[in-house]
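K.L.:
One structure follows; several queries about it will come next.
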Amino acid sequence: MHNILFLIVNCLCTWFVYRDSHKLALKYKNLWVIGTFLLPIVFFPLYLTRRAQLLHQTKLSNRQLREMAKRKASEQRIQKAQKERAQWEQQQWNRQKENAEKQKIVESEQQKLRSELEEQLSKQQKCHADHWGIRKS
């Protein structure tokens, strides 16, 4: 007799959770139903607590909604500024890299010119030395 009474109460609790969770569009509603059917002593009080929390959530005032929208817009502006800053830094880094490469090319060309000029100078000095009869001892 007690088992039948327990089963009837269990089925009524499960039916209540099923109807109420679908009406409230509660998250994980099928899990609540299965849990209530398998362990009604644990899940039914938990469900009633969660239901009370959901029903008594305070609604935000218009002022709070405006502040929340402003906060969200501010966060978006900050993210946009950070993204632009990162792009700018990337461009600066690329420019520095290009300038460094150009500088290396210029330096290598200057080094080649120096070596060519030194060769020409040494040839001229040798030529002048031979022409004037100067010998290095």
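The values are calculated or read from the model by the stated rules, or taken from the named source; none is laboratory data. Worth saying up front: this structure is predicted, and the values here are computed from it rather than measured. Heads up, the Cβs are rebuilt from the backbone with ideal geometry, glycines too, and the neighbour counts pull from every protein chain shown.
K.L.:
Take the conditions under 30 Å from V9 (Cβ atoms), hydrophobic (A, V, I, L, M, F, W, C) and under 34 Å from the mean Cα position of the chain (by Cα) and apply them to L55. Does it pass? Show your work before the answer.
P.N.:
Values: under 30 Å from V9 (Cβ atoms): yes; hydrophobic (A, V, I, L, M, F, W, C): yes; under 34 Å from the mean Cα position of the chain (by Cα): no.
Here the answer is no, as L55 does not meet what is asked.
K.L.:
Those residues that are at pLDDT 90 or above and of a type outside the set (S, T, N, Q), I need them from segment 51-78; list them, please.
P.N.:
So in segment 51-78, the residues at pLDDT 90 or above come out as 66-78.
Residues satisfying the conditions are R66, E67, M68, A69, K70, R71, K72, A73, E75, R77, I78.
K.L.:
Next up: So, in segment 21-69, exactly how many residues are loosely packed, with under 11 Cβ neighbours inside 10 Å, among the small types (G, A, S) and assigned to a helix (DSSP H, G or I)?
P.N.:
2
K.L.:
Among the residues that make up segment 3-10, is at least one of them under 34 Å from the mean Cα position of the chain (by Cα) and at pLDDT below 95? Write out each step before concluding.
P.N.:
From segment 3-10, those under 34 Å from the mean Cα position of the chain (by Cα) are none; that's our starting set.
No; the residues of segment 3-10 include none that is under 34 Å from the mean Cα position of the chain (by Cα) and at pLDDT below 95.
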